[in-house]
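Visitor: To start, I am sharing the structure in question, which I have written as structure tokens.
The values are calculated or read from the model by the stated rules, or taken from the named source; none is laboratory data. This is a predicted model, so every value here is computed, not measured. All Cβ positions, glycine included, derive from the backbone under ideal geometry; neighbour counts span all protein chains shown.
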Amino acid sequence: MEKTIRASVIGLTKRKQTWLDADYNNYQWWMIFGIDHGLLSAFKAAKGFKQKVIKYKSYPLLLQSRFIKDWFRVRETKLTKHWIKIPNSKRKGQGIWLPLHFHQPLPKRYSLKDSYLIRKNEKYYVHFCMDIPEQHVYAPKTILGIDLGLKNPVTMVDLRTKTTRFLGKKLKHIKGKYYYLRKQLGQQKKFQIIKKIKNKERRKVHAQLHAVSKYIIHEAQKKKAAIVLGALHNLQKNKGRTFNRKLSGFSHYKLTQLVMYKAKERGVPLITVSEAFTSKTCSVCGTPGTRTKNWFVCSCGYRDNADRNAAFNIGKRGLSYMLGLGVVASAQKSSTLRVNPYQPTLERVNSDEQMRGQAQKPLLVT
Ligand SMILES: [Zn+2]
């Protein structure tokens with residue numbers, strides 16, 4: 001799988017800065033107007049950069065793997081131990097050595113792909129694209145059903161032990177706090193500050209999403225569990241509801257993406273199922289029940305936190321999906337795990353073929 005590892009270019013001398021600027025500026029001229037001020041052919045190969053320019057506000061310089069892969073090295077110096085040599089038009093045949101500071105640890109094994117040199121706020125960064133070997137996916141011993149909701153951002157249940165975790169409380173708190181702040185500032189017409197706190201909010205939310213997804217993956221690894229996520233296709237329905245502004249569907253989407261990515265990275269089995277009816281169906285008897293505020297009540301006598309009930313339904317749907325594939329997951333041994341007879345035929349909403357392939361892998365274990 002591919003991973004992007006970011007590094008800052010540090011301790012640039014005036015000379016190196018000038019050389020880099022020259023090529024970077026030339027490249028902008030070339031990409032925008034097709035004007036060539038002596039750009040190296042090494043940099044001309046870039047295609048399909050339209051999206052990158054929106055993200056980085058300039059065209060990042062493509063560092064082709066064939067030019068950098070032998071020149072990304074460990075050199076123990078005072079400044080840093082990571083260095084990369086890149087081609088430069090002012091230093092033909094020699095290139096420039098750039099000292100790097102990595103923002104995260106390098107993976108143990110990787111192969112370097114085409115990467116990018118990016119200038120942002122007068123500083124340079126290298127985004128290394130790496131191909132890292134995929135982890136072996138383990139055979140699940142239980143299932144973690146995860147419901148992403150509004151009242152409780154993340155509800156995670158273990159189908160075997162029935163333990164429940166409500167996660168992401170801070171997320172809700174952040175959203176609520178900043179919503180209130182923005183509203184106040186809006187009345188005072190302080191739009192500059194609104195913009196500033198929006199960025200701050202985004203960073204905080206991002207950090208929380210990372211923390212929550214990390215926790216989910218960690219729990220799954222510890223329990224050797226498969227993760228079952230409800231696919232987010234009916235979020236639109238909730239639009240306009242009070243809680244929606246506090247925890248937007250976007251965060252749900254982002255969290256799903258993070259969990260899926262991390263699961264893949266760590267070899268945690270994960271499947272997504274349709275979440276249709278999961279909040280309206282009883283997770284014990286499978287008939288439709290009634291939801292009053294945060295409580296789910298069924299005529300069979302079952303009464304539970306509504307998000308918890310939904311998370312169980314999602315988990316069970318994941319289980320029946322696995323069983324439907326003719327596979328005996330060890331979780332099945334537990335007599336409390338029953339496939340819900342009410343549930344309609346499972347939709348295979350997972351559009352990502354790779355994730356599907358990955359989900360099936362543990363099921364083939366004998
Ligand atoms: Zn019931």
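Visitor: Run Lys196 past the list (1) under 30 Å from Pro140 (Cα atoms); (2) modelled with pLDDT under 95 and report the number of the one that doesn't hold.
Guide: (1) is the only condition that Lys196 fails.
Visitor: Looking only at the stretch 313-324, count how many residues are within 14 Å of Gly286 (Cα to Cα) and surrounded by 24 or more Cβ atoms within 10 Å (Cβ to Cβ). Steps first, please.
Guide: At the first step, the residues of the stretch 313-324 found to be within 14 Å of Gly286 (Cα to Cα) are 313-317, 320.
From the residues that got through so far, the ones that are surrounded by 24 or more Cβ atoms within 10 Å (Cβ to Cβ) too are 313-317.
Final tally of qualifying residues: 5.
Visitor: I'm checking my understanding of the structure. Among residues of the stretch 280-304 that are more than 14 Å from the ligand (Cβ to nearest atom) and free of Cβ contacts under 8 Å to residues at least 40 places away in the same chain, which one is surrounded by the fewest Cβ atoms within 10 Å (Cβ to Cβ)? Spell out the reasoning first.
Guide: Here is the first cut: in the stretch 280-304, the ones more than 14 Å from the ligand (Cβ to nearest atom) are 292-294.
Then drop every residue that is not free of Cβ contacts under 8 Å to residues at least 40 places away in the same chain, which leaves 292-293.
Numbers: Thr292: 9, Lys293: 7.
This residue is Lys293.
Visitor: Here's another thing I want to ask about it. Has the stretch 124-138 got any residue that is in a helix (DSSP H, G or I) and of a type outside the set (Ser, Thr, Tyr)?
Guide: no
Visitor: Still on this model: Considering each residue of the stretch 110-123, count those that are part of a loop (DSSP other than H, G, I, E, B) and in contact (Cβ under 8 Å) with a residue 24 or more places away in the chain, and give that number. Give the derivation first.
Guide: So in the stretch 110-123, the residues part of a loop (DSSP other than H, G, I, E, B) come out as 110, 113-114, 121-122.
Checking which are in contact (Cβ under 8 Å) with a residue 24 or more places away in the chain leaves us with 110, 113-114.
The total comes to 3.
Visitor: Next up: Being out of contact with any strand residue (DSSP E or B) (no Cβ under 9 Å at 6 or more places or on another chain) and either of a type outside the set (Lys, Arg) or in a strand (DSSP E or B) (or both) is the filter here, so list the residues in the stretch 140-164 that pass it.
Guide: Leu150
Visitor: For a quick check of your reading of the model, give me the residue pairs whose first member lies in the stretch 61-81 and is in the same structural domain as Leu117 (by TED's automatic domain parsing) and surrounded by fewer than 18 Cβ atoms within 10 Å (Cβ to Cβ), whose second is modelled with pLDDT of 90 or more and aromatic (Phe, Trp, Tyr), with beta-carbon atoms closer than 6 Å and at least 6 apart or on different chains.
Guide: Pairs that qualify, where the first residue is in the same structural domain as Leu117 (by TED's automatic domain parsing) and surrounded by fewer than 18 Cβ atoms within 10 Å (Cβ to Cβ) and the partner is modelled with pLDDT of 90 or more and aromatic (Phe, Trp, Tyr), are Arg73/Trp83; Arg75/Trp83.
Visitor: Where residues in the stretch 259-279 are under 20 Å from Met322 (Cα atoms) and among the hydroxyl-bearing types (Ser, Thr, Tyr), which of them is nearest to the ligand (Cβ to nearest atom)?
Guide: Thr278
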